[in-house]
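The structure under discussion appears below in the form of structure tokens.
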Amino acid sequence: MGVEGVETMGPSVSLRNLSSQGLHGSAELFGWLLLGGSGSLSASSVFETAEILGDSLYAQGKYLSAVEKYKRALTASSLEPSVKVAGVRKKIAKAYVASGRKESALKMLESIRGSECDVEAEILLGKLYLDSSAIRAARACFKNALKRNPLAIEAAVLLLESGGELETSTLDQITRSCSTVGIPDVIVEAMQNYFRGIASISSGDIEGARFELHRGVLKAPKCVPLTITLAEAEYEQYVGLSDFEAAERSSRAFQMARSADSWTTRSMDDYCSLLLENGQGSELTSLCSSLVEVDEFSPVAWRSSAMLCKLQDDKDHGSKLDAQLQRICEREARKLQNPISLRPSQQISLAEIQLRNGAISEAHLTAKDAIRRSPNSAYAYCVYAKVMISLERLSKAMSAFQKALKLSPKCVPAVIGLARRHEQDGEVASAIKTLEEYIDKYKGDGSRGQRAAVSRARVEIVDILTEHREFEEGWKHLKQALLENPTNDIVLQTAEKLETSMRDLVDSNDGSERGSGRYRARALNFDDDLPNDDEDDVADPF
């Protein structure tokens with residue numbers, strides 16, 4: 001009587017059948033038994049058994065054990081010249097990637113010769129070259145993959161994202177191949193919009209990218225990668241020009257991608273940044289944990305986690321996270337040193353990372369190149385201004401902040417930068433006036449991002465007043481910030497800082513009423529004329 005799912009065609013076939021049915025544990029055990037008595041097996045049988053055992057180990061997440069078995073197969077292949085080993089080398093490379101040993105994976109793939117390197121291997125090799133900043137080699141791999149199979153459109157996307165060009169002849173070949181296999185014309189057109197959108201993002205033409213990607217989404221509204229890329233383009237628009245409506249659209253698209261469990265590490269990173277800037281700590285907490293699990297080297301996740309710890313009064317842990325963030329930023333600066341492959345927001349972030357790490361000359365070059373690639377980006381000018389401050393070229397810093405505001409009057413980092421320059425020159429009243437004018441102009445805007453920006457301006461006023469020990473005036477602005485944005489974590493953090501400053505004042509004044517709990521309750525009561533301790537219209541953040 002036969003056994004279900006097992007053919008009587010030799011041990012290797014039976015082993016493969018077990019593996020194909022998902023019975024990897026059984027296949028693993030049989031594989032060990034067969035290899036344990038390999039003296040009775042031919043070289044080709046050892047090769048096949050070791051490969052299948054490696055597959056079973058890989059399927060169970062035992063990547064380095066799988067590598068050892070695949071290497072056992074390669075050893076057996078040397079005794080059997082007819083055996084083709086390129087597939088096993090590719091499997092070794094994939095196992096190395098899965099275990100985090102990308103340099104070993106790169107060396108293994110480079111050992112696959114010419115025509116033996118199939119489309120999957122070319123794409124994987126290209127990705128590894130990108131990770132090692134070998135941009136030209138990566139592009140060559142993606143082009144080779146498309147020549148072998150025009151329907152390998154992942155290679156086209158990667159080529160465009162790395163700053164390469166998709167030649168007209170290649171695009172025509174992709175289009176013909178799609179038609180041959182029966183893909184509808186409207187989907188082909190959406191794909192072409194997708195390609196043009198990615199190319200526009202890579203070149204810094206964010207408006208062109210948004211136009212193409214929006215057209216693509218209209219044709220394929222349920223295509224998650226297309227929607228995510230549009231969200232990323234909207235995020236670039238927000239970063240560059242403080243376009244808060246773009247931020248809202250971007251946030252909605254990221255939420256949709258998250259619910260579909262289909263977003264990328266980069267889109268998670270962008271969404272984290274939006275939540276952080278909007279002071280949405282509760283949503284950010286779980287997302288930071290998810291992002292660190294997916295990408296342990298995400299600067300945004302670590303920066304967000306550190307801020308959350310400080311908001312939750314766990315400052316010691318927050319300081320440790322800051323130290324980890326510093327190490328990660330140094331790694332990111334090395335990884336992103338070739339600006340050709342960076343999106344505009346990434347290049348601006350790189351300049352900030354370099355500045356934070358004290359690499360001022362590198363930050364200067366990166367910021368200048370960011371402006372060259374994205375001349376309409378207000379935030380690029382803000383970062384350039386920060387570099388100029390570090391170089392003590394204060395007039396250039398002021399000019400850069402003013403240019404940023406000319407490009408985007410809503411750009412709160414530019415307003416804060418100008419205000420701080422006034423304050424550092426001893427013009428505190430001018431600093432406060434600059435921020436108040438921004439608040440008066442935009443405080444009625446209903447978007448979450450703009451409300452957060454207004455709150456940041458108010459918080460900056462509170463910080464300046466607190467630094468100059470004008471606590472009562474600071475409380476007035478803080479009250480308004482709490483009224484306008486009572487759940488914003490940045491506002492709440494500022495309230496905590498001001499309370500600490502008041503407590504210090506009380507200690508130094510022997511416990512006067514000005515800093516007592518009674519004073520704080522009075523300061524935060526929103527009916528100044530008739531304070532009523534029984535009313536609790538607004539939750540006490542303290």
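The values are calculated or read from the model by the stated rules, or taken from the named source; none is laboratory data. The structure displayed is predicted, hence computed values, not measured ones. Note: ideal-geometry Cβ built from the backbone for every residue, glycine included; neighbour counts use all protein chains shown. Note: accessible area is taken over every heavy atom of the protein model, side chains too, but ligands, DNA and RNA are not part of it. Shrake-Rupley method; radii C 1.70, N 1.55, O 1.52, S 1.80 Å.
General observations
- Just one of the listed residues (Ala231, Ala257) is closer than 27 Å to Ala452 by Cβ, modelled with pLDDT under 85, of a type in the set (A, V, I, L, M) and open to solvent by less than 20 Å² (accessible area, probe 1.4 Å), namely Ala257.
- Of all residues making up region 21-37, the number that are modelled with pLDDT under 80 and in a loop (DSSP other than H, G, I, E, B): 1
- Arg215, sole failed condition from (1) part of a helix (DSSP H, G or I); (2) open to solvent by less than 70 Å² (accessible area, probe 1.4 Å): (2)
- Any hit, region 58-66, residues being of a type outside the set (Phe, Trp, Tyr), in contact with a His (Cβ under 9 Å, 6 or more places away or on another chain) and at pLDDT 85 or above: yes
- Looking across region 430-475 at every residue that is farther than 19 Å from Leu405 by Cβ and of a type in the set (Asp, Glu), the one that is nearest to the chain's Cα centre (by Cα) is identified as Asp463.
- In summary, helices (runs of 4 or more DSSP H) completely within region 44-159 and bearing 2 or more residues that are more than 30 Å from Ile201 (Cα to Cα) occur at 63-77, 86-98, 102-110.
- Lys84 being over 30 Å from Ala137 (Cα atoms) and open to solvent by 70 Å² or more (accessible area, probe 1.4 Å): no
- Residue within region 364-374 that is surrounded by 20 or more Cβ atoms within 10 Å (Cβ to Cβ) and within 23 Å of Ala457 (Cα to Cα) present: no
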